[in-house]
Amino acid sequence: MGVNIERLRDLLYEITAISSTPVGCTRLSYSREDKKVREILDREFERLNLEVKVDKLGNIRAKYNPYNLKTPSIMTGSHIDTVRNGGEFDGLLGVVAGLEVINTIDQSGIELKYPIELAIFAEEEGSNFGVTMLGSKYMTNRIDLDYLKQIYNYQNKSAYDMLKEAGYMDNKDYFIHRDDVKCMIELHIEQGPVLDLEGYSVGVVDRIAGMNTIKVNLIGQSNHAGTTPMKIRKDPMVAAGEMIYRLSKIYKKYNLKNNVITVGKIRARPNNSNVIAASVEFFIDIRDVDYDAQKTALEKVEELYGDIINKYNIEGEFKEIGYSDIVITSDFVKNAVINTAEQLGIRYKIMNSGAVHDNAMLNGIVDHGMIFVPSIGGISHDPRENTDFKDIELGTNLLLNTILNINKRS
Ligand code: GLV
Ligand code: MN
Ligand code: MN
């Protein structure tokens with residue numbers, strides 16, 4: 001059985017047309033654009049007769065259960081939020097592919113043993129508060145409402161207050177449990193170059209990288225840029241410059257071959273060209289698929305922070321605001337995907353994910369795994385993000401048939 005790729009593409013492009021920026025896609029969770037996308041999805045949910053639940057974080061669970069089964073569901077889905085000026089496929093592809101799978105099954109009249117549930121996790125990208133996978137962390141009990149009071153967006157609004165304003169806080173909770181979800185299979189673009197370079201149409205994910213997100217604030221002494229001699233300055237911008245440069249050398253210095261460290265967000269205060277900064281705040285994103293390497297990298301980052309504070313004789317704050325473990329996907333899902341790919345004659349590559357995913361948050365709760373499709377040129381989190389619809393069709397057919405095989409088998 002195969003999906004209707006035109007229908008999938010039309011829905012994807014209907015949604016990508018909604019963006020707050022003219023370049024790339026910008027759809028932050030809880031924004032006006034997010035609301036508009038949810039209206040389109042509601043239309044689809046209604047058409048397919050899905051039972052829809054929305055929780056306190058704005059996570060959506062939409063269940064296809066025409067036979068009123070009491071069995072746990074096979075879950076699929078992803079996220080609809082983006083980074084600022086992101087691409088068209090990250091997250092959204094898994095959502096429209098999940099809907100297309102339900103559409104195809106609905107039209108086929110095939111009998112199910114398990115309901116199919118589409119999950120749309122809120123705030124996966126961390127674009128509002130700098131913390132990734134907020135919705136899936138909440139749905140899997142990794143964070144609580146108190147934590148939401150301690151993370152802020154750039155307008156200094158807490159996640160908790162934003163959710164209250166968005167009207168979600170009065171909703172019930174719908175945590176993910178083993179007794180209501182049998183497994184979760186997420187289709188996603190690879191976001192890296194491996195499949196494209198090696199000529200595969202699909203990847204089967206083995207490990208998903210772990211991640212530490214650190215917020216650093218270096219605090220110096222603000223003063224006049226023209227009158228303050230260089231020798232007596234306490235300039236946190238210079239300290240930040242050295243620290244960021246040395247962060248980029250950690251993998252080499254300590255021989256951590258897959259480790260990646262990024263500072264992608266920075267803000268000086270007061271942020272005037274003729275004022276020595278009072279403080280510089282930036283976020284450090286540390287990732288690895290190896291447990292020891294991730295631990296070493298984190299230790300070395302903290303050591304470097306201590307060094308910088310001493311060297312420049314400044315004050316500072318170093319706070320871990322987000323964390324996710326390195327995760328190995330479940331054999332149950334990996335084997336189901338691999339067996340289905342072999343049955344369909346699809347060449348696949350078993351590979352790791354350097355990006356983090358909501359799917360990883362289900363680890364230890366239910367069986368979970370992912371299917372990747374290639375990102376052309378390995379570009380993602382950028383308006384140039386692109387994937388061939390032929391690969392999307394293969395990947396979505398693999399998702400569909402994996403779900404059908406699990407449905408048949410167990
Ligand atoms: C999420 O997309 C991430 O890997 O940062
Ligand atoms: Mn994503
Ligand atoms: Mn992303």
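Read-outs throughout are calculated quantities, based only on the coordinates presented, and are distinct from any laboratory measurement. If you're wondering where the values come from, they're calculated on a predicted model, not measured in any experiment. FYI the Cβ positions are ideal-geometry reconstructions off the backbone, even for glycines, and counts take in every protein chain you see.
If you model region 1-118 as an ellipsoid using its alpha carbon gyration tensor, with each semi-axis the square root of five times an eigenvalue, the axes come out at 26, 16, 11 Å, biggest first.
Taking the DSSP bridge list for region 68-187 and keeping only pairs wholly inside it, about 10 percent are antiparallel. Estimated from the Cβ-Cβ distance and a Förster radius of 35 angstrom, the FRET efficiency linking Asp179 and Ala17 is about 0.35. Computed about its Cα centre, the charge dipole of the chain is approximately 840 debye, with only Lys, Arg, Asp and Glu carrying charge at their Cβ. Charge dipole (Cα centre; +1 on Lys/Arg Cβ, -1 on Asp/Glu Cβ; no other charges) of region 283-344 amounts to roughly 140 debye. To the nearest 10 degrees, how steep is helix 291-312 against the longest Cα principal axis of the chain, on a 0 to 90 scale? Result, in degrees: 20. Take 237-245, 65-73 and order them by the average number of nearby Cβ atoms within 10 Å per residue, most first; the result is 237-245, 65-73. Nearest-5 percent of antiparallel DSSP beta bridges in the chain? DSSP beta bridges in the chain are roughly 65 percent antiparallel. Shown for Glu190, Glu125: other C-beta atoms within 10 Å of each C-beta, ranked fewest to most, produce the order Glu125, Glu190. Using a Gaussian network model on the chain with a 10 Å cutoff between Cα atoms, which of Gly306, Gly87, Gly377 fluctuates the most? Residue with maximal mean-square fluctuation among Gly306, Gly87, Gly377: Gly306. Assuming a viscosity of 0.890 mPa s and a temperature of 25 °C, what translational diffusion coefficient in µm² per second does Stokes-Einstein assign to the chain, Rh being the Kirkwood radius over Cα pairs? Rounded, D is 110 µm²/s.
Per the Debye formula on identical point scatterers at the alpha carbon atoms of region 324-387, with no solvent, log10 I(q)/I(0) at q = 0.16, 0.17, 0.23, 0.29 Å⁻¹ is -0.65, -0.73, -1.07, -1.23. Neighbour counts of C-beta atoms inside 10 Å place His79, His224, His381 in the sequence His224, His381, His79, starting with the fewest. Rounded to the nearest 500, the helix-only mean residue ellipticity at 222 nm of the chain stands at -11000 deg cm²/dmol, with each DSSP H run of n ≥ 4 adding -39,500 (n - 2.57).
Listed by chain and number, the aspartates and glutamates placed with their C-alpha closer than 13 angstrom to that of Lys234 are Glu315; residues fewer than eight positions away on the same chain are left out.
Between Asn339 and Lys36, the C-beta separation translates, for a Förster distance of 41 Å, into a calculated FRET efficiency of about 0.55.
Here Asp288, Asp235 are placed in order of increasing Cβ neighbour count within 10 Å, fewest first, which gives Asp235, Asp288. Name all residues of region 235-278 having a backbone nitrogen under 20 Å from the label point set 7 Å from the Cα of His224 along its Cα→Cβ direction, giving them as ranges. Only 235-236, 270-278 pass the distance filter.
Reported to the nearest whole Å, the Cα centre-to-centre distance from region 263-286 to region 47-66 is 41.
A Förster distance of 56 Å, applied to the separation of the beta-carbon atoms of Lys311 and Arg347, puts the FRET efficiency at 0.60.
Taking a Cβ cut-off of under 10 Å around Gly98, the surrounding Lys, Arg, Asp and Glu residues balance to a net charge of -3, with basic ones at +1 and acidic ones at -1. Straight-line reach only, C-alpha to C-alpha below 19 angstrom: list the aspartates and glutamates that Lys253 could link to, leaving out same-chain residues fewer than 8 apart. Answer for Lys253, where 19 Å is the Cα cut-off: Glu242, Asp285, Asp288, Asp290, Asp292, Glu299, Glu302, Glu303, Asp307, listed by chain and number. Here each label is just a point 7 Å from Cα along the line to Cβ, and for Asp170 and Glu302 those points are 4.4 nm apart.
Strictly over 24 Å apart at the Cα level, which of Lys231/Lys265; Lys56/Lys113; Lys231/Lys252; Lys35/Lys157; Lys56/Lys149 would you flag in this model? Too far apart for the 24 Å limit: Lys231/Lys265; Lys56/Lys113; Lys231/Lys252.
For the pair Tyr291 and Asn255 in one chain, pulling the backbone fully straight at 0.36 nm per residue adds 11.5 nm over the alpha carbon distance. Among the listed pairs Lys182/Lys390; Lys36/Lys215; Lys70/Lys408, those whose Cα-Cα separation exceeds 20 Å are Lys182/Lys390; Lys36/Lys215.
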